[in-house]
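Contents: one structure, followed by commentary.
The values are calculated or read from the model by the stated rules, or taken from the named source; none is laboratory data. Predicted model only: the values in this text are computed from it and were never measured. Please note: Cβ atoms are built from the backbone with ideal geometry, for glycine as well, and neighbour counts cover all protein chains shown. When the accessible area is computed, the model is the full protein with side chains, heavy atoms only, and any ligands, DNA or RNA have been set aside. Shrake-Rupley method; radii C 1.70, N 1.55, O 1.52, S 1.80 Å.
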Amino acid sequence: MRRQLIAVSVAAMFLSGCSSPPAQPAATGAALGSGPASAVPAVTPVADSAAAMLDWGTPIAGDEFDYTGEPDATKWTVYDSPGHAGNGIRSPRQARVDGSKLVITGTPKGTSAGMSAKFGLQKYGRWEVRAAGSGDDEYHMVSILWPDTGNWPCDGEVDYMETSGDWGLINFFHHFGCSNSKTSVSRALDLTQFHNYAVDWSPGAIVGYVDGVKWFEDDDPTHQPPGSMHQTLQLDWFPDKTANGPGEMRVDWVRVYAASGSTPP
């Protein structure tokens, strides 16, 4: 087979296990390499990150969350809207930076948060986040590459870190095409601890990493997103018949790197 995948599935719109919101806004703000939103962060190398192990070099953009208060408005658009699939509410009040990390909290009634990066808007490149989460299984934490056009599902979606009702299991979902087909992989992992999640998007493939180790690859050219994408972070609520409880997503940093073989601006 051309596709080197651990698990493959084809799904229709609004599948369970997919935390992407079609109502998510298109990216706004400075494009890569221009304005304050693209300022290169000062970073602390992490030995078990894909960037360190594969020598991705210096980030071209990102957020180290080394400040306090609301997420940096020059870098993020924080959602103020209904929640995923109309469940709960996305409120800017639920996203705060505590001096060392971003914390998104979800209440038992489904009030949570999500945010979309104004930096690192690019076709092809590398993204990595360091994150952990905990709480009610009804909360799913997600790190997504979302199309800058906002044209979902036709322009694709790459969920390179997503929980789906189990804080001991991580998923990678790559969505493609107007039929919202997808390829995916899952593995056991203690998500209450911080791990490094990365994706390398090139013309040849979309490759995912956990703590610097490859665990996903889709090299089918018909599955490629058609245009530029950007980072989003979300804690989405999937209520079920069980008692509702709080949830939390913690993000140490977000880093964006240039595509392989490209020259940083």
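Numbers for the structure displayed
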{"item": "Within straight-line cross-link reach of LYS241, lysines at Cα separation under 16 Å, skipping those fewer than 8 residues along the same chain", "result": "LYS109"}
{"item": "For region 49-129, the fraction of alpha-carbon pairs in successive 5 Å shells from zero, as %", "result": "3, 14, 20, 20, 17, 15, 8, 4, 0"}
{"item": "Reduced Cα scattering model of region 134-204, Debye log10 I(q)/I(0), q = 0.16, 0.18 Å⁻¹", "result": "-0.61, -0.74"}
{"item": "28 Å Cα-Cα reach of LYS118 towards lysines, excluding residues that sit fewer than 8 places from it in its own chain", "result": "LYS75, LYS101, LYS182, LYS214"}
{"item": "FRET efficiency, ARG187 to ALA47 (Cβ-Cβ, R0 30 Å, nearest 0.05)", "result": "0.90"}
{"item": "THR222 versus ASP55: modelled label distance in nm, points set 7 Å from Cα along the beta carbon direction", "result": "3.7 nm"}
{"item": "List SER112, SER134, ordered by accessible area with a 1.4 Å probe, largest first", "result": "SER134, SER112"}
